[in-house]
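Undergrad: Take this structure, written in structure tokens, and hold onto it; I'll ask about it next.
The values are calculated or read from the model by the stated rules, or taken from the named source; none is laboratory data. If you're wondering where the values come from, they're calculated on a predicted model, not measured in any experiment. Because the Cβ atoms are built from the backbone with ideal geometry, glycine has one as well, and the counts that use them run over all protein chains shown.
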Amino acid sequence: MRVESFPVGPFQCNCTILACEETRSAVVIDPGGDADQILSVLSRHQLKLEQIIHTHAHLDHVGATDDIHKKLGGLTGLHEDDMPLCNHLALQAELFGLPTPPTPTIDQFLSDGTSLSFGKKTVEVIHTPGHTPGSLSFFVQDFGLLTGDTLFLGSVGRTDLWGGSQSTLLDSIKKKLLSFPDETVVHPGHGPKTAIGMERHNNPYL
């Protein structure tokens, strides 16, 4: 599997591109900004975009979705509970004094326990609410967990924005994410990667 992961946008969200080596089919996860950079990676590796999916609908995770979708297609996906956030990007942008990106069209609602395909690879969808009502994590075999803004190295996501709940977030982590083996690699929405075992034993919030 081909992997490219790099920070994008003013908040340096980790955008991840995963591709099936056999079919060159790709999925883009959390295209929060810098659409030209994301498009350049897809073009350079001659990848066919199948899916554009989001861990949640905060501005810094969906900012480049519309640009990429219009140029390359691909099915866009988000949990339905985050649609109010997706439909009010102007309010989010105003809160941080940033330009408002176009509101992306969402083609499919992603739900807990479903799987998405890109070539011969799959993404397993895990609903992990708390940071936002529709926050998702994604598990990809031979890569690990993409946890968005739910779980970080030594920390957890903030819950003081619209729809956030600390008790719900901690419940999501303990019941959903900590069920994975200790060696499972965690790729957060911001900052460096970690592992489930590292967080289980050292994260002060857990």
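Undergrad: Considering only residues that are farther than 12 Å from Thr128 by Cβ, in a helix (DSSP H, G or I) and free of Cβ contacts under 8 Å to residues at least 24 places away in the same chain, which ones fall in the stretch 168-206?
TA: Passing the criteria: Gly197, Arg200, His201.
Undergrad: Can you say whether Ser137 is in contact with a Gly (Cβ under 6 Å, 6 or more places away or on another chain) and small (Gly, Ala, Ser), as far as the supplied structure shows?
TA: no
Undergrad: Right, something else. Which residue pairs have Cβ atoms under 7 Å apart, sit 6 or more places apart or on different chains, and have a first residue in the stretch 85-96 that is free of Cβ contacts under 8 Å to residues at least 24 places away in the same chain and a second that is part of a loop (DSSP other than H, G, I, E, B)?
TA: Close Cβ pairs satisfying both conditions: Asn87/Thr103; Ala90/Thr100.
Undergrad: Residue check, Asp160 against (1) touching a residue at least 12 places away in the same chain (Cβ under 8 Å); (2) of a type in the set (D, E, K, R); (3) on the phi < 0 side of the Ramachandran plot, all met but one. Which one?
TA: (1)
Undergrad: A follow-up question, please. Return the only residue of Val27, Val3, Val41 being in a helix (DSSP H, G or I) and under 19 Å from His187 (Cβ atoms).
TA: Val41
Undergrad: Would you check which residues across the stretch 18-34 are of a type in the set (Gly, Ala, Ser) and either crowded, with 22+ Cβ neighbours inside 10 Å or touching a His at 6+ places or on another chain (Cβ under 9 Å) (or both) and list them?
TA: Ala19, Ala26, Gly32, Gly33, listed by residue number.
Undergrad: Considering Leu78, Leu85, Leu59, Leu91, which residue is under 24 Å from Leu161 (Cα atoms), loosely packed, with under 15 Cβ neighbours inside 10 Å and among the aliphatic types (A, V, I, L, M)?
TA: Leu91
Undergrad: Still on this structure: Can you name every residue in the stretch 63-75 that is on the phi < 0 side of the Ramachandran plot, surrounded by 21 or more Cβ atoms within 10 Å (Cβ to Cβ) and out of contact with any Ser or Thr (no Cβ under 7 Å at 6 or more places or on another chain)?
TA: Scanning the stretch 63-75 gives Gly63, Ala64, Ile68.
Undergrad: Being assigned to a strand (DSSP E or B), of a type in the set (Gly, Ala, Ser) and under 25 Å from Gly157 (Cβ atoms): is that true of Gly33 here?
TA: Answer is no for this residue.
Undergrad: Right, here's the next one. Name every residue in the stretch 16-32 that is under 20 Å from Lys71 (Cβ atoms) and touching a residue at least 40 places away in the same chain (Cβ under 8 Å), in order of residue number.
TA: If the condition is that a residue be under 20 Å from Lys71 (Cβ atoms) and touching a residue at least 40 places away in the same chain (Cβ under 8 Å), then Thr16, Leu18, Ala19, Arg24, Ser25, Ala26, Val27, Val28, Ile29, Asp30 are the ones that fit.
Residue-by-condition table, conditions (1) crowded, with 18+ Cβ neighbours inside 10 Å; (2) under 24 Å from Leu91 (Cα atoms); (3) modelled with pLDDT under 95:
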{"position": "Ile126", "(1), (2), (3)": "yes, no, no"}
{"position": "Leu136", "(1), (2), (3)": "yes, yes, no"}
{"position": "Gly154", "(1), (2), (3)": "no, no, no"}
{"position": "Lys175", "(1), (2), (3)": "no, no, no"}
{"position": "Ser179", "(1), (2), (3)": "no, no, no"}
{"position": "Val185", "(1), (2), (3)": "no, no, no"}
{"position": "Met198", "(1), (2), (3)": "no, no, no"}
